[in-house]
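Before any comments, here is the structure.
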Amino acid sequence: MRIDLMTLFPDMCERVYTESIIGRAIKKGVLTVESHNIRDYSDNKHHNVDDTPYGGGEGMLMSAQPIYGCYESLLKNGKPYVIYMSPKGGVLTQQKTKELAELPHIAILCGHYEGVDQRVLDAIVDEEISIGDYVLTGGELPALVLIDCVARMLDGTLSSEEGRVRESHYNGLLEYPQYTKPAVWHDREVPEVLLSGHHENIAHWRREMSLRETLQKRPDLLEKADLTQQERDFLKKLQKEATQNKQS
Ligand SMILES: C[S@@+](CC[C@H](N)C(=O)[O-])C[C@H]1O[C@@H](n2cnc3c(N)ncnc32)[C@H](O)[C@@H]1O
């Protein structure tokens, strides 16, 4: 997969590409990420990339011309699916990262200042994506969040594909609690079943704990989760227990 990043701050992103999961995906050859400095495409003699908004108002807006120039330069590698990181976009989900990981080529536009001239967004953007209902200073951190999530979805990035499948949100549930050595820490013991070596019992315990975690922390996720009748009955039992505990 190829990802082109259009940004005013390429140096801020480069460091992240060489580290972590993104770095591993690049080294393994499953991902190519290239950042492009929008300023290099400004046809203004001072290389300006922003201007004041028509109609007045605070701050500056990124101008259309350098962004469009940068976008045109990417077309040599084929037409990418263009994403604008924006607080107005649909909020990023695991499902969305799965869908994006299927695409061969995406380009991500990082905004700055008060945002971007709407005309260039209308001309080149296929989708706006937000990383949450809050406003950041620029699109670079959101873009890195998106790239990291997408990189995890690519076959060959993680050392174990199984790890990805059991993680929170992958199957619509939160992950079960995890423990590492020692078996007792500050008088707190690791659940016995995990020391038993009985794979079937461990898998059953993990699934139940996953349901329990999701019910306690993100019950909204259960509405869409793919559950068996037995699992639904288990959740009903947990809910009944919780209500009884509240009343007593
Ligand atoms: C200060 S923000 C501009 C906010 C804009 N004036 C508004 O009210 O919608 C500057 C840039 O940061 C990025 N950004 C800010 N918050 C974001 C979020 N929650 N998700 C994704 N990108 C975000 C966008 O690229 C945006 O153009």
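Return the pairs, sorted by first residue and then second, in which the second residue is near the ligand (Cβ under 6 Å from one of its atoms) and open to solvent by less than 40 Å² (accessible area, probe 1.4 Å), the first residue lies in the stretch 131-144 and is farther than 18 Å from residue 60 by Cα, the beta carbons are less than 6 Å apart, and the residues are 6+ apart or on different chains. Once the first residue is farther than 18 Å from residue 60 by Cα and sits in the stretch 131-144, its partners that are near the ligand (Cβ under 6 Å from one of its atoms) and open to solvent by less than 40 Å² (accessible area, probe 1.4 Å) give 131/142; 142/85; 143/85; 143/110. Considering the conditions (1) of a type in the set (A, V, I, L, M, F, W, C); (2) open to solvent by 50 Å² or more (accessible area, probe 1.4 Å); (3) within 16 Å of the ligand (Cβ to nearest atom), residue 103 is excluded by exactly one of them, (3). Of the residues making up the stretch 90-103, those that are over 11 Å from the mean Cα position of the chain (by Cα), without any contact (Cβ under 8 Å) to a residue 60 or more places away in the chain and within 16 Å of residue 5 (Cβ to Cβ) number 0.
Pairs are defined by a Cβ separation below 9 Å, a sequence spacing of at least 6 or placement on different chains, a first member in the stretch 31-55 that is over 27 Å from residue 100 (Cβ atoms), and a second member that is among the β-branched types (Val, Ile, Thr) and part of a loop (DSSP other than H, G, I, E, B); the pairs so defined are 42/49. Residues being closer than 11 Å to residue 176 by Cα, of a type in the set (A, V, I, L, M, F, W, C) and in contact with a helix residue (DSSP H, G or I) (Cβ under 9 Å, 6 or more places away or on another chain): count how many of those fall in the stretch 203-223. The number of residues fulfilling the criteria is 2. Please determine, by comparing only the residues of the stretch 217-235 that are surrounded by 13 or more Cβ atoms within 10 Å (Cβ to Cβ) and outside any helix (DSSP H, G or I), which one is farthest from the chain's Cα centre (by Cα). Checked the stretch 217-235; the qualifying residue farthest from the chain's Cα centre (by Cα) is 227.
Could you list, in sequence order, the residues of the stretch 143-160 that are assigned to a helix (DSSP H, G or I) and open to solvent by 10 Å² or more (accessible area, probe 1.4 Å)?
Going residue by residue through the stretch 143-160, those that are assigned to a helix (DSSP H, G or I) are 143-153.
Listed by number, the residues that qualify are 144, 145, 148, 149, 152, 153.
Residues that are open to solvent by 30 Å² or more (accessible area, probe 1.4 Å) and out of contact with any strand residue (DSSP E or B) (no Cβ under 8 Å at 6 or more places or on another chain) were ranked within the stretch 80-100; the one that is nearest to the ligand (Cβ to nearest atom) is 93.
The values are calculated or read from the model by the stated rules, or taken from the named source; none is laboratory data. Computed from a predicted model, the values in this text were never measured in an experiment. In this analysis, Cβ positions are derived from the backbone assuming ideal geometry, glycine residues included, and neighbour counts consider all displayed protein chains. What goes into the accessible areas is simple: the full protein's heavy atoms, side chains included, and nothing from ligands, DNA or RNA. Shrake-Rupley method; radii C 1.70, N 1.55, O 1.52, S 1.80 Å.
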